[in-house]
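Participant: Next up is a structure, given as structure tokens.
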Amino acid sequence: GFAVYQEDHLFGLFEYYNHSSTMEIGLALNPKFTGQGLAHDFLINGLKFGVNYYNYKNKYIKLYVNKENKPALALYKKAGFKITEEYKEEFEMKIKTKQISKRGIANE
């Protein structure tokens with residue numbers, strides 16, 4: 001994973017995991033930077049980086065999000081993630097890797 005800084009402030013964290021040959025991501029944004037419209041670019045750039053850096057070619061990338069985290073859920077849906085599983089407290093979401101290009105998300 002990696003940490004992103006804006007000047008001397010931690011902006012956010014992005015992590016990559018390989019579970020059963022599927023890339024799983026985890027991310028967090030410093031609350032100081034939420035609500036400013038910056039999360040979408042952070043997510044897109046993190047996805048692009050992961051696909052390119054790890055030369056990832058499998059069909060999907062997935063993440064898990066707490067059902068109560070409405071802002072994150074909206075962000076992931078806007079980026080193209082779809083809910084694939086529902087659990088007691090969270091959703092599993094996936095995006096097709098082919099939607100991620102060097103420019104961003106296809107059909108943005």
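Participant: In the chain, what % of DSSP beta bridges are antiparallel (nearest 5)?
Facilitator: Antiparallel: roughly 95 percent of the beta bridges in the chain.
Participant: Tell me the chymotrypsin sites (Phe, Trp or Tyr not before Pro) within the range 15-108 that lie in a loop according to DSSP and have at most 12 other beta-carbon atoms within 10 Å.
Facilitator: Tyr54, Tyr87
Participant: Go ahead and set up a Gaussian network model of the chain, Cα springs under 10 Å, then flag whichever of Lys32, Lys96, Lys67 fluctuates most.
Facilitator: Between Lys32, Lys96, Lys67, it is Lys32 that shows the largest mean-square fluctuation.
Participant: With a Cα-only, solvent-free Debye model of the range 1-102, what are the log10 I(q)/I(0) values at q = 0.14 Å⁻¹?
Facilitator: -0.52
Participant: Probe 1.4 Å, all protein chains in place: accessible area of His40 in Å², nearest 10?
Facilitator: Surface open to solvent at His40 totals about 30 Å².
Participant: In addition: If you take the alpha carbon radius of gyration of the range 38-91 and divide it by 2.2 N^0.38 Å, what ratio comes out, to two decimals?
Facilitator: Compared with the compact-globule rule of thumb, the range 38-91 sits at 1.21.
Participant: Also: Taking a cut-off of 19 Å between Cα atoms, list the aspartates and glutamates near Lys32, but don't count ones fewer than 8 places away on the same chain.
Facilitator: Those aspartates and glutamates meeting the cut-off are Glu7, Asp8, Asp41.
Participant: Considering only Cα-Cα distances, which of the following residue pairs are longer than 19 Å: Lys57/Lys96; Lys67/Lys98; Lys77/Lys98?
Facilitator: Over 19 Å Cα-Cα: Lys67/Lys98.
Participant: Give me the percent of the accessible area of the chain that comes from carbon and sulfur atoms, probe 1.4 Å, all protein chains in place.
Facilitator: For the chain, the apolar C and S fraction of the accessible surface comes to 48 percent.
Participant: Also, quick follow-up: Treat each spin label as a single point 7 Å out from the Cα along the C-beta direction, and report the Glu85 to Tyr5 distance in nm.
Facilitator: Between Glu85 and Tyr5, the simple spin-label model gives 3.7 nm.
The values are calculated or read from the model by the stated rules, or taken from the named source; none is laboratory data. Please read all numbers here as calculations on a predicted model, not as lab measurements. Every residue, glycine among them, receives a Cβ derived from its backbone with ideal geometry; neighbour counts consider all protein chains shown. Protein only, heavy atoms only, side chains kept; ligands, DNA and RNA dropped before computing areas. Shrake-Rupley method; radii C 1.70, N 1.55, O 1.52, S 1.80 Å.
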